[in-house]
1. Please express the shape of the chain as an equivalent ellipsoid: the semi-axes are the square roots of 5 times the eigenvalues of the C-alpha gyration tensor, given largest first in whole angstrom.
2. Only Cα pairs under 8 Å and at least 6 apart count here; give the relative contact order of the chain as a rounded whole percent.
3. Positive end of the charge dipole of the chain (Lys, Arg +1 and Asp, Glu -1 on Cβ, about the Cα centre): tell me which of S28, P61, Q14 has its Cα farthest that way.
4. Let me know the charge dipole size of the chain about its Cα centre in debye, to the nearest 20, where only the beta-carbon of Lys, Arg (+1) and Asp, Glu (-1) is charged.
5. Pull up all non-local amide H partners of M44: gap of 5 or more, or a different chain, and H-to-H distance under 5 Å with H placed in the peptide plane.
6. Would you calculate, for the chain, the mean residue ellipticity at 222 nm contributed by helices, counting each DSSP H stretch of 4 or more residues as -39,500 (n - 2.57) and dividing by all residues, to the nearest 500?
Amino acid sequence: MATLDEKARKFLEQPFAGAATTLRPDGSPHSTVVWVDVDTDVVMFNTAVGRAKERHLRQDPRVSLIVGGSP
């Protein structure tokens, strides 16, 4: 797992919406809008047990997370 440098950590300390893409069992992408936060070096996004993101991540932990913001 990659670690965050100080600039990335400061950027993610703000509340941001992002897009999380997980993989369905057939390998096709599943993208959803999520709130993104950071706790020390851990980037987190919201989901709930039973939702598609959570089910997909249990089957395959790969995820793409896009976070945007103004400079």
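1. 23, 12, 11
2. Result for the chain is 35 percent.
3. Value: S28.
4. 260
5. For M44, the qualifying residues are D37, V38, D39.
6. Mean residue ellipticity at 222 nm (helix-derived): -5500 deg cm²/dmol.
No value in this document is a laboratory result; all are computed from the given coordinates. Keep in mind it's a predicted model, so treat the numbers as computed, not measured. Positions of Cβ are backbone-derived with ideal geometry, glycine not excepted, and every protein chain shown enters the neighbour counts.
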